[in-house]
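As C-alpha cells, the structure follows; a few thoughts come after it.
Where a number appears in this text, it was derived from the coordinates with a stated rule and is not lab data. Quantities reported herein were computed from a predicted structural model and do not represent experimental measurements. We place every Cβ from the backbone using ideal geometry, glycine too, and count neighbours over all the protein chains shown.
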Amino acid sequence: MNDNNLNKNKVERNLSKEDLERLEILQKSEEVKGEQLFINYDSEVVIENEAEKLLGQKIDDPVQKFQLYYHGLTKLLKDNLPKGKEFEDVRRIVYDEKNVLINRGAKKDEKGIRGSDGRMAYTEDLEEAIKIVAEWTSRKGTPAELFMSFWDKNEELGYGHQD
C-alpha cells in the first residue's frame, strides 16, 4: 500500500482537551478484557479471568422464581389464610413476617418501603418459605402458628422482625 492510500483513510480532527480525556478513557477500557490482576496471600501477582469465575455460580431462573412466588407461596397463603376485610390485618402481619424471611431480613421503613422485592428473592429462600407454609397447611394450623413459624425462622437466621 502506498502512502497516498494511508493518508486517505486518516481523518484529521481538532479535539478539545475534554475530548482527548474521554478518548483516553475509552482506549483504556479496551485494555481490560475480563481479566483482573491481584496479589494473593503469598505476595504473588495473579491474573484471574472474571468470566471463568461466573461459570461456576448458580444462576437464578426467572421462570422458576415466578412459579415459586405466584403459583407456590402466594397461592398457598391466599388459599389457606382467612379471607375477608375483617382478616386483612391478620394477613398483613403474616405477610410482613414472611417477607422479612424471603428478603433476607429487609424490613419496611417508617414510610412502608422495604427496599427489596420478594418476587426477586433467592430461590432457596422462596423454597424455605413454601416449606414452612406447606407444613403449616398439613397440620391445619392457625394464622398465629404460621406467623410464629416465620418468626422462629427469622430468629434462627438473625433477620429480626417487622415492627
- Being small (Gly, Ala, Ser) and more than 14 Å from Tyr69 (Cα to Cα) is the filter here, so list the residues in the range 92-137 that pass it. Gly105, Ala106, Gly112, Gly115, Ser116
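What number of residues within the range 93-118 are touching a residue at least 12 places away in the same chain (Cβ under 8 Å) and assigned to a loop (DSSP other than H, G, I, E, B)?
8
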- Query: Taking the range 141-163, which residues are free of Cβ contacts under 8 Å to residues at least 40 places away in the same chain, closer than 16 Å to Val90 by Cβ and of a type outside the set (Val, Ile, Thr)?
  - Reply: Gly141, Ala144, Glu145, Met148, Ser149
